[in-house]
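Colleague: One structure is given below, represented as structure tokens, and several questions about it will come after.
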Amino acid sequence: MEVIIKPNASEASVLGAKIIAQQIRRKPATTLGLATGSTPLKLYRELVRMHKTEKLSFARVRTFNLDEYVGLDPRHPASYNAFMRENLFDLVNIRKTNIHIPSGLARDIPKYCAEYEKKIRKCGGIDLQLLGIGTDGHIGFNEPSSSFASRTRIKSLTEKTIKDNADFFDDPREVPRHVITMGVGTIMDSRTCVLLAFGAKKAEIIARMVEGPVTAMVPATALQFHPSAVVIVDEAAAAALTRRDYYRWVYENKPQWQTYE
Ligand code: PGA
């Protein structure tokens with residue numbers, strides 16, 4: 001796992017966007033795995049800026065989102081479908097047919113999830129998966145005790161996640177109890193994972209993810225087994241890492257050909 005500590009969320013987001021842009025420029029028909037939530041907002045803003053001012057083209061990019069709330073219409077303002085349109089898809093030159101977001105209105109959910117997995121495979125697998133992390137250690141909506149072998153499926157949210165996500169809804173009682181999420185196994189199949197986390201409230205879980213024992217009780221610890229996982233945090237989210245000076249030293253001394261900036 002590569003841990004990169006940036007002074008603040010803005011600089012961390014710019015670096016995350018640079019890594020994604022590098023991937024798209026190297027392989028224009030890239031398949032991206034995308035995340036929602038408050039964490040990737042600045043990164044998407046930076047990608048939009050790169051599209052507008054640096055000719056970053058999404059014309060051949062295909063995307064698969066991690067998750068969606070069950071029962072929410074894609075037009076509902078708190079749906080991840082609406083989030084993605086508002087923060088990225090309506091602002092860049094991506095083709096609508098290249099966008100995949102789980103449908104919260106799927107009738108036969110197991111069948112729908114199996115088809116989602118099939119579509120990912122048909123697109124050649126995910127080249128780069130963007131991730132946030134929940135305060136309980138979830139990636140996607142894989143809550144504690146999710147199998148590391150899990151694939152796209154329905155999950156019930158924990159009370160903590162429902163509370164964390166209530167801000168996005170007018171009425172906290174509106175937060176759906178169920179979601180469709182890619183599994184930990186689906187995420188682990190992506191060629192590269194880029195996980196972002198900002199703020200003091202993520203410090204403890206980041207330390208457990210990077211330096212703690214691997215356990216399904218912290219699903220993000222599966223990334224310790226990923227051959228290419230990059231974790232980009234701000235100072236506040238890095239505060240509980242015992243080896244933060246080492247991660248800084250490693251980043252500052254990377255060979256030129258391995259750098260992102
Ligand atoms: P956040 O959520 O970006 O809103 O903190 C992250 C997550 O739950 O994965």
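The values are calculated or read from the model by the stated rules, or taken from the named source; none is laboratory data. Please read these numbers as outputs of a predicted model, since none were measured by experiment. Note that each Cβ is placed from the backbone with ideal geometry, even for glycine, and that neighbours are counted across all protein chains shown. Surface accessibility is based on the protein's heavy atoms, side chains included, excluding ligands, DNA and RNA. Shrake-Rupley method; radii C 1.70, N 1.55, O 1.52, S 1.80 Å.
Colleague: In the Gaussian network model of the chain, springs joining C-alpha atoms below 10 Å, which of 250, 233, 214 carries the largest mean-square fluctuation?
Modeller: The residue with the greatest mean-square fluctuation here is 250.
Colleague: Here is a further query. Express in whole angstrom the spacing between the alpha-carbon centres of region 89-115 and region 211-261.
Modeller: Taking the Cα centre of region 211-261 as reference, the centre of region 89-115 is 31 Å away.
Colleague: Follow-up. What nm distance separates the two modelled labels at residue 97 and residue 154, each placed 7 Å from Cα along Cα→Cβ?
Modeller: So the label points at residue 97 and residue 154 sit 3.2 nm apart.
Colleague: What's the percent breakdown of Cα-Cα distances in region 1-100 across 10 Å bins, shortest bin first?
Modeller: Percent of Cα pairs in each bin: 15, 48, 30, 7.
Colleague: Leaving out ligands, DNA and RNA, what percent of the accessible area of region 195-249 is carbon and sulfur, probe 1.4 Å? Write out the running numbers ahead of the final one.
Modeller: Working: 1430 of 2480 Å².
About 58 percent, which is the carbon plus sulfur part of the accessible surface.
Colleague: Between residue 252 and residue 57, what is the FRET efficiency for a Förster distance of 41 Å, r being their Cβ-Cβ separation, to the nearest 0.05?
Modeller: Values: r = 32 Å, r/R0 = 0.78.
Using R0 = 41 Å, I get an efficiency of 0.80.
Colleague: A further question follows. Leaving out ligands and nucleic acids, and using a 1.4 Å probe, what accessible area per residue does the chain come to in Å²?
Modeller: Working: 12200 Å² over 261 residues.
Dividing the accessible area of the chain by its residue count gives 47 Å².
Colleague: Could you check how much of the accessible area of region 1-111 is carbon and sulfur, as a whole percent, using a 1.4 Å probe?
Modeller: On the way: 2580 of 5030 Å².
With neighbouring chains kept in place, the figure for region 1-111 is 51 percent.
Colleague: May I ask you to list the aspartates and glutamates whose Cα is less than 13 Å away from that of residue 55, ignoring any residue fewer than eight positions away on the same chain?
Modeller: By straight Cα distance, residue 55 reaches 46.
Colleague: Go ahead and set up a Gaussian network model of the chain, Cα springs under 10 Å, then flag whichever of 102, 74, 110 fluctuates most.
Modeller: Fluctuation is largest for 110.
Colleague: Still on this model: Name the shape class, rounded, prolate or oblate, that the alpha-carbon gyration tensor gives for region 208-261, where a ≥ b ≥ c are the square roots of its eigenvalues, rounded holds for a/c under 1.5, and otherwise prolate holds if a/b is larger than b/c and oblate otherwise.
Modeller: Numbers: a/c = 2.41, a/b = 1.49, b/c = 1.61.
Because a/c hits 1.5 or more and a/b fails to exceed b/c, region 208-261 counts as oblate.
Colleague: Viscosity 0.890 mPa s, temperature 25 °C: Stokes-Einstein D of region 133-261 from its Kirkwood Cα radius, in µm² per second?
Modeller: Details: Rh = 15.8 Å.
D = 156 µm²/s.
Colleague: In region 88-165, how many lysine pairs have Cα atoms under 28 Å apart, counting only pairs 8 or more places apart or on different chains?
Modeller: 12
Colleague: Continuing with the same structure: Roughly what would the spin-label model give for residue 243 and residue 111, points 7 Å off Cα along C-beta, in nm?
Modeller: According to this spin-label approximation, the distance is 4.8 nm.
Colleague: Quick one: Cα centre-to-centre distance for region 151-187 and region 119-141, in angstrom?
Modeller: That distance is 15 Å.
Colleague: For the chain, set up a GNM with springs between Cα atoms under 10 Å and report which of 183, 16, 124 has the largest fluctuation.
Modeller: 124
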